[in-house]
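Taken together, the values in this text are just the output of simple stated rules run on the coordinates, not laboratory data. Computed from a predicted structure; not experimentally measured. As a convention, Cβ positions derive from the backbone with ideal geometry for all residues, glycine included, and neighbour counts pool all protein chains shown.
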Amino acid sequence: MEFKRRDFLKIAGLTFLGLMAKPGWEVVSQIKPLEPSPAPNYFTGKKWAMAIDLIKCWNAKDGCRDCIDACHTIHNVPEIGYAKEEIKWIWTIEYEKAFPEHIHDFNEKKYKGKPVIVLCNQCEDPPCVKYCPTRATWKREDGIVMMDFHRCIGCRYCMAGCPYGSRSFNWRDPRPFIKKANIEFPTRTKGVVEKCNFCEERLVKGLLPSCVETCKEKALIFGDLNDPNSEIRKILSERYVLQRQPELGTKPKVFYIL
Amino acid sequence: MRFYDAKKIITGLIIFVGLVTYPIWHNTVSGKNLYTPKLELPKDKKECIEPKDYIRVNHKSLLEDWRLSVVRNGIRIYQASNQKKYNMSLNKTCMECHKDKTKFCDQCHNYMGVTNKCWDCHIYPKQLEIGVK
Amino acid sequence: MIDKEKILIEKEIPLLEHVRKTGKGFYITISILIALVLWGLYAYLTQYRIGLGVTGLSRQIFWGVYITNFVFFIGISHAGTFISAILRVVKAEWRRPISRLSELTTVFILFFGVGSVLIDLGRPDRMLYAIRYAHFRSPLLWDVCSIATYLTVSSICLYLALIPDIALMRDIGWKKRQWLYEILSLGFTGTEKQWRRLERAILFMSIIVIPIMITVHTVVSYVFAMTIQPMWHSAIFGPYFVAGALFSGIATVITIMAIIRKAYHLEQYLKPIHFYNLGTLLLAMTLLWFYFTLGEYITTFYGNEPSQMAIFWSKIRGQYAPLFWTHVILCFVIPFPILAFPKSRTIKGTVIASISINIGMWLERFVIIVPTLTRQRIPIESAFYIPTWVEWSILVGCLSFFSLLYLIFTKFFPIVPIWEIHEGRGKSIPQIEERLRSYLPG
């Protein structure tokens, strides 16, 4: 079989030309679409954070779920029913479990067993963002750790990276479990990871996150850390501030005020 | 010259040709070729955000660009060729006029055999009435 | 054809028997394996249809049998490289009959290693996004790169070492398959120049594949070690996993060797000395594995950090204690006495040890992955992970598919390299003599 180098180069050249036919045609024949115009720059300089005033929260009646219900309703979070497959963006855990590094044998009695609201901490240095193989989760300029449900391949590595357990996975099709669908926000398919997104679709319209707005005790304070006059900066400078697991270096942006 | 196994060969050939030309005769036989897309156009609006010819060809890449822009870049305003500004939203812009996807989008998509995954997640207006499940 | 064959393969008649003749046993085995593969496929389709909820995984413990399979299969793949590449480089002559069967294990099991991750994905239809939108800061991407490289280089190693035997098969003349051997033999005719080129190529690839092999399992361990989860975030994971991989890999090769020896009547070629030598290596690996495991647990215990100790106790005397202690028994307590004494390092002994080690190492991967996910740092729910029929079926399906591919290969190519045996009988003996002379004075 005499296959000379020349023949190979000829065939390789022809193959290359053949492969370039379709892309070439697309380039030549396309009507150029117009560029989307930039929105008013509401990103630059902002650093969104949330402060949860635990004392105010504990004033609410027992079993208050206003913030949780608000969030889960507007975001079409399904109510699966069994703990194994549950999806939650915001929920409560006991004080001892929220701040295990503060627990010793002689803690204050008044905090024992109290419910603490936990959600995605929207860390400044998020470990989950590092591990995603497709960049389906990334940190935006304004500090929100975003989630792109279109790109998630469902490997759950971000869940392995999150030390707070903030992320949930869709173990089956969520649609049958959605009580009341909200058309303003998409549902998700089975096989993708989801978490709190600081209501970024509401922030665009100038609204506060749903949980913040709904809380009757006004226990949730949301604001821009870069704005020295914001309410959140004020409360962080005046009261005793806790973060979850600060020693891990994730620099969480959800602060707990005692 | 003898034609050995004539019966078997001819039967086999007929079956083979029948199977191979299935795409050609199936639609005629089953009546599907009588199907034409019946697009229910919006009653009040006369034009889409882009000229009909453009949007007919490019609505897929337009929506994909919108998706990229809104989800990954946070930019939500689209300036069309008629200098008007629109919200880059499948539901709020497109579905506002073309209310029911089964009477508009699906008509051509079903005819062309196009499947899209948009509606796996996004809820269209009529769906709220019939149930999201 | 028989005469030509006799001339070409000289004394090595049994080596082509299994390619030429197919007995009832083969067809029965293939049927059973195909049935198991189809069952595994059915299990996967159930999962694809309904979602990963059909497994025992949960919001708390979201990595389980599939990721264990992934690490386990990639671990086994180190066998081939070790036996064919490293032993070739150090010129250990006893590797001759076993180099191809171990190389084959490597190449085929890598598909299932990667396959296990793909099976675990929530959106497998988007699997190519990992390449299209690759984010290189993610250890999973490092995995993709290193495993792809390893698979490529291992396949090339396997193929290069196969060429002289394909040329042999082509020369013998096989009516129906002649075209296959003609194409694959690449015109190899056995001239001096061709042999020299081939040997250099094989040596070069063997040397290259060794550092790649080490990076592969190190990178797989980094998927865990690079997180900040307690008892995963350990610097020792790199060498620990590589040692564990060599450990389980050699054990798998011993098992496969014993099966092939029995099934294809290759008792003359796969002799007790081969099992003895592999058993010695396995003994070294047992001790090395024990050393790393001990180091890992002793340092955790001595440090006494609460988040780590919660998981430590869960493994030592808690929820996962039965699995943990079972795996210690299977990986050390049973194999070590068998392998330590030359008298018991027989074929039977090494096979018992290697089966015990294989099961033990699967449990070891499980015990590394799952207890950490009960996430005692934030003891939220006390979750317990019980794999469902879907996960077990897919595991069985993967192993069956691997065996199936292996068996089909043995129907096309001889499993013991004929050219290496010829070389051993011919050229190697004077080469060894000369080497020995060069070591001694005068």
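Set the bar at 20 Å for Cα to Cα. Now go through A:139/A:218; A:61/A:110; B:46/B:126; A:56/A:112 and name every pair that lies beyond it. As for pairs spanning more than 20 Å Cα to Cα, those are A:139/A:218; B:46/B:126.
Protection proxy ranking for A:111-121, C:192-202, using the average of other Cβ atoms within 10 Å per residue and placing the highest first: A:111-121, C:192-202. Other protein chain C-beta atoms within 10 Å of residue C-beta, averaged over C:117-124: 5. Cross-link pairs exceeding 19 Å in C-alpha to C-alpha distance, out of A:97/A:179; A:46/B:84; C:91/C:348; A:130/A:251, comprise A:97/A:179; A:46/B:84; C:91/C:348. Within the shell of other residues whose beta carbon sits under 14 angstrom from the beta carbon of residue C:136, the net charge comes to +3, with Lys and Arg scored +1 and Asp and Glu -1. For residue B:7, no lysines have a Cα falling under 29 Å of its own Cα, not counting residues fewer than eight places away in the same chain.
Could you tell me the calculated FRET efficiency between residue A:47 and residue A:182, based on Cβ-Cβ distance and R0 = 30 angstrom, to the nearest 0.05? Plugging the Cβ-Cβ distance into 1/(1 + (r/R0)^6) gives 0.60. Our summary gives chain C a relative contact order of 30 percent, counting only alpha carbon pairs under 8 angstrom and 6 or more residues apart.
With θ taken as phi - 60° and the Karplus curve 6.51 cos²θ - 1.76 cosθ + 1.60 applied, the whole-hertz 3J(HN,Hα) list for segment A:204-214 is 4, 8, x, 9, 7, x, 4, 5, 4, 5, 7 Hz, x standing for glycine and proline.
Among complete DSSP H helices in chain C, those whose alpha-carbon atoms stretch at least 27 Å along the helix's long axis and whose mean Kyte-Doolittle hydropathy reaches 0.5 are C:24-50, C:99-120, C:139-172, C:192-225, C:237-263, C:272-303, C:347-373, C:389-410. Each label point was placed 7 Å from the Cα along the Cα-to-Cβ direction; for residue C:186 and residue B:33 their separation is 5.3 nm. The charge dipole of the protein assembly as shown, taken about the Cα centre with unit charges on the Cβ atoms of Lys, Arg (+1) and Asp, Glu (-1), comes to about 1500 debye, rounded to the nearest 20.
Are there any trypsin sites (Lys or Arg not before Pro) in segment C:8-104 that are in a DSSP loop and have at most 14 other Cβ atoms within 10 Å? List them by number.
Of the trypsin sites (Lys or Arg not before Pro), the ones in loops of segment C:8-104 whose Cβ has at most 14 other Cβ atoms within 10 Å are C:11, C:21, C:91.
Suppose every K and R has +1 on its Cβ and every D and E has -1 on its Cβ; what is the size of the dipole of chain C about the Cα centre, in Debye to the nearest 20?
Using only the charged Cβ atoms, the result is roughly 520 debye.
If you take the square roots of the eigenvalues of the alpha-carbon gyration tensor of the protein assembly as shown and sort them as a ≥ b ≥ c, do you get rounded (a/c under 1.5), prolate (a/b over b/c) or oblate?
It is oblate, given that a/c is not under 1.5 and a/b is not larger than b/c.
Short to long, the 10 Å bins of the Cα pair-distance histogram for segment C:2-419 hold 4, 20, 30, 26, 13, 5, 1, 0 percent of all pairs. Per-residue Cβ neighbour counts within 10 Å put B:34, A:54, C:186 in the sequence B:34, C:186, A:54, beginning with the fewest. Once Lys and Arg get +1 and Asp and Glu get -1 on their Cβ, which of C:235, C:75, C:118 lies farthest toward the positive end of the dipole of the protein assembly as shown? In the protein assembly as shown, that residue is C:118. Computed from the Cβ-Cβ distance with R0 of 35 Å, the FRET efficiency linking residue C:298 to residue A:251 stands at 0.60. Neighbour counting of Cβ atoms within 10 Å sorts the residues C:403, C:102, B:61, fewest neighbours leading, into B:61, C:403, C:102. Straight Cα distances below 19 angstrom link residue C:193 to the lysines C:427, with same-chain residues fewer than 8 positions distant left out. Rounded to the nearest 0.05, the FRET efficiency derived from the C-beta distance between residue A:20 and residue C:235 at R0 = 41 Å is 0.25.
Each stretch of four or more DSSP H residues adds -39500 (n - 2.57); spread over every residue of the protein assembly as shown, this sum gives -16500 deg cm²/dmol at 222 nm.
The distance linking segment B:44-94 with segment A:165-194 is 26 Å (Cα centroid to Cα centroid, whole angstrom). Under the simplified labelling scheme, the residue A:9-residue A:103 pair shows an inter-label distance of 7.3 nm, with each label point 7 Å from Cα along Cα→Cβ. Annotation: the antiparallel percentage among DSSP beta bridges lying fully within the protein assembly as shown is about 85.
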